[in-house]
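Before any comments, here is the structure.
We did not get these values from a lab; they are worked out from the coordinates using the rules stated. Predicted, not measured: the structure shown is a model, and the values here were computed from it. Cβ placement follows ideal geometry from the backbone for every residue including glycine, while neighbour counts extend to all protein chains displayed.
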Amino acid sequence: MFEGKVAVITGASSGIGAALARLLAAKGARLVLAARRIDRLQEVASSARPGHHLAIRCDVTNKEEAEELIHRTVRENGRIDFLINNAGRGHFASVEDTTDKTIANTFSVNVFSLWYTTRPALRYMKRQGSGHIINIASMAGKLGYPYNSAYVAAKHACVGFTHALRQELAETGIHASVVCPAGVLTDWANVTEGGSMLPLFSESGPIIKKIAAQRGVSLPPIEGLLPPEAVAEKIVECMRHPVAEVYTHKGAREFVILAAGHREKAEAHQLPVALGERQVYDKVKGRRSTT
């Protein structure tokens, strides 16, 4: 079903976007790959064989660049079948340490860009009578996580945007889906605004397990880190058989359902994580921990 279909992937220079590009290319899709890092983007385009694929430097937070990405796609390919809004970035700061600039930057790339690409894409898809818009959110779009509140809020917005879009597109032949991955083996945590989150995750692990054992608490039963290729496979399956939400990790959907029905019970499982990461965050910031 992908032979000759045109797919636009933002944030395609690494991680999930790059893995998805290679997978779709192998299935015969024509790709338009977008990212700010043109050198890495061209490497992905060259490795996505067979076929000739466009690599376009694009900052999706720039409305004109994002719109031109869609228009150029149609000018050079005659159509657009899939739009995968994958570009995104996190940040590392507590609520009180999060600056106005970080809030604006986080929402610009994770939320505002959705309108910049989706609006023009919809005009072409409605003319075709078909299409599929897939927004890559996160488990952070369903649950709360400490020390990246702007990202959590932005990914909640991404989920809400997709649900509203689905209602507008009901019975039009155009689909909209949101993907909510948990941990993925990419450089996401190392390039977060405000500094790398890797020390937070690596140093807090033993502390979290100790707190959980001391309190007799079971941690959230969500599958651990997955390679981006595994997540890409789940996205392709959604492209074949569109659904509203995609959970890429075992246990994720069940935990989200628990949180939706009983938030406090889900937070009890997350408590050792919150307390463990607080100790590390306070250490990083040179503060005395309240844990």
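Assorted remarks:
- Segment 116-193: GluC sites (Glu not before Pro) in DSSP coil with no more than 14 other Cβ atoms inside 10 Å: 171
- Couplings 3J(HN,Hα) of segment 255-261, computed from phi: 6, 5, 4, 4, 5, 5, x Hz, in residue order, whole Hz [Karplus 6.51 cos²θ - 1.76 cosθ + 1.60, θ = phi - 60°; x for Gly and Pro].
- Cα gyration tensor shape of segment 1-79, rounded if a/c is under 1.5, else prolate or oblate by comparing a/b with b/c: oblate
- Residues whose amide H lies under 5 Å from that of residue 245, counting only those 5 or more places away or on a different chain, are 178; hydrogens are built 1.01 Å from N in the peptide plane.
- Whole-angstrom gap from segment 62-92 to segment 128-148, using each part's C-alpha centre: 16 Å
- Total charge dipole magnitude, segment 116-228, about the Cα centre, Cβ charges on Lys, Arg, Asp, Glu only, Debye to nearest 20: 240 debye
- Evaluated with a Cβ-only charge set (Lys, Arg +1; Asp, Glu -1), segment 153-291 carries a dipole of roughly 700 debye about its Cα centre, given to the nearest 20.
- Using the Karplus relation 6.51 cos²θ - 1.76 cosθ + 1.60 with θ = phi - 60°, the per-residue 3J(HN,Hα) values for segment 110-121 come to 8, 10, 4, 4, 4, 5, 4, 8, 6, 4, x, 4 Hz, with x marking Gly and Pro.
- Computed label-point distance, nm, for sites residue 127 and residue 240 using a 7 Å Cα→Cβ extension: 3.1 nm
- Using Cβ point charges alone (K and R +1, D and E -1), the dipole size of the chain about the Cα centre works out to roughly 140 debye.
- Rounded to whole numbers, the Karplus 3J(HN,Hα) couplings from phi for segment 26-43 are 5, 9, x, 6, 9, 10, 10, 9, 10, 5, 7, 8, 5, 5, 5, 5, 5, 5 Hz, using 6.51 cos²θ - 1.76 cosθ + 1.60 with θ = phi - 60°, and x at Gly and Pro.
- Set against the labelled values [x] 15.0; [y] 13.3; [z] 16.0, mean projected area of the Cα convex hull in nm² computed from this structure falls on [x].
- Interchain or long-range residues, amide H under 5 Å from residue 131's placed H: 175
- Global form of segment 66-208, assessed from the alpha-carbon gyration tensor, a/c cut-off 1.5: prolate
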